[in-house]
Amino acid sequence: MHTTMYFFLCNLSFLDICYASSTAPKLLSDIITEKKNISFIGCAMQYFVFCGMRLTECFLLAAMAYDQYAAICNPLLYATLISHTLCLKMVAGSYVGGFLSSLIETYAVYHHDFCEPNIINHFFCDLPPILALSCSDTSTSQVVTFIMGVVVGVVSALVVLISCSYIVAAVLKINSAKGRTKVFSTCASHLTAVTLFYGSGLFMYM
């Protein structure tokens, strides 16, 4: 399991670095130079990358939950269920699914007409301040982004919750307290990452 777990963790770390890098360099540049400008294309690209990384992380956290479920609930079949090829496919699928969803969202948000003055009341190009600048009806965009959020966020969260419930049931069947502690410690870091990710997302957008 360790090789697979570290492979997923490396990709999760890479995602988090890119996630922060999509907004932080521009923010620091604005603070240092005091030229708080961004082009329309630059704003769209920032939103696309930020949104893509966020949605990819949803898929990747779900893939990691399935990996832990297979390792704890089916340890004898783990090598058969989770092969290196399947890991590559799950990670590649996370990136493809995340950025394809982001492309749909970005198009839905940025195809509107925007009014003067084009001043974003935020430190980066996020959904609510961008839609606030639109002169046209944004109801379709809001529906599209809501559907994408529900499909990606809720489905991946359900995969995590179902995997966790099976893991908890398997842990409770272990007679040894030391064994239960060891298994739970394996999942605790993943559960912490999931809680922080979804908790901050709900706080920001709901």
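For every residue, the table says whether it meets (1) surrounded by fewer than 22 Cβ atoms within 10 Å (Cβ to Cβ); (2) modelled with pLDDT of 90 or more; (3) among the polar types (S, T, N, Q).
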{"position": "Ser39", "(1), (2), (3)": "yes, no, yes"}
{"position": "Ala44", "(1), (2), (3)": "yes, yes, no"}
{"position": "Phe50", "(1), (2), (3)": "no, yes, no"}
{"position": "Leu55", "(1), (2), (3)": "no, yes, no"}
{"position": "Cys58", "(1), (2), (3)": "no, yes, no"}
{"position": "Met64", "(1), (2), (3)": "no, yes, no"}
{"position": "Cys73", "(1), (2), (3)": "yes, no, no"}
{"position": "Leu77", "(1), (2), (3)": "yes, no, no"}
{"position": "Thr80", "(1), (2), (3)": "yes, no, yes"}
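May I ask you to list the residues in the range 132-148 that are among the polar types (S, T, N, Q) and either under 23 Å from Leu27 (Cα atoms) or without any contact (Cβ under 8 Å) to a residue 24 or more places away in the chain (or both)? First the steps, then the outcome.
Filtering the range 132-148 down to residues among the polar types (S, T, N, Q) leaves 134, 136, 138-142, 145.
Correct list: Ser134, Ser139, Gln142.
Counting only helices (runs of 4 or more DSSP H) that sit wholly inside the range 12-87, those with at least 3 residues that are out of contact with any Cys (no Cβ under 9 Å at 6 or more places or on another chain), of a type outside the set (Val, Ile, Thr) and without any contact (Cβ under 8 Å) to a residue 60 or more places away in the chain are 24-33, 40-73.
Listed by first and then second residue, the pairs with beta-carbon distance under 6 Å, at least 6 apart or on different chains, first residue in the range 109-131 and under 19 Å from Ser141 (Cα atoms), second of a type outside the set (Val, Ile, Thr) and exposed (fewer than 11 other Cβ atoms within 10 Å of the Cβ), are Asp113/Cys135; Cys115/Cys135; Pro129/Asn121. Looking across the range 160-200, the residues that are farther than 17 Å from Tyr6 by Cα, within 16 Å of the chain's Cα centre (by Cα) and surrounded by 14 or more Cβ atoms within 10 Å (Cβ to Cβ) come down to Val160, Phe197, Tyr198.
Please indicate, with yes or no, whether at least one residue in the range 146-161 is in a helix (DSSP H, G or I) and among the polar types (S, T, N, Q). First the steps, then the outcome.
The first filter runs over the range 146-161 and keeps only residues in a helix (DSSP H, G or I), leaving 146-161.
When the remaining residues are screened for being among the polar types (S, T, N, Q), the result is 156.
Yes, that holds for at least one residue.
The values are calculated or read from the model by the stated rules, or taken from the named source; none is laboratory data. Since the model is a prediction, treat every value here as computed from it, not as a measurement. Every residue, glycine as well, gets a Cβ built from its backbone with ideal geometry; the counts of neighbours run over all protein chains shown.
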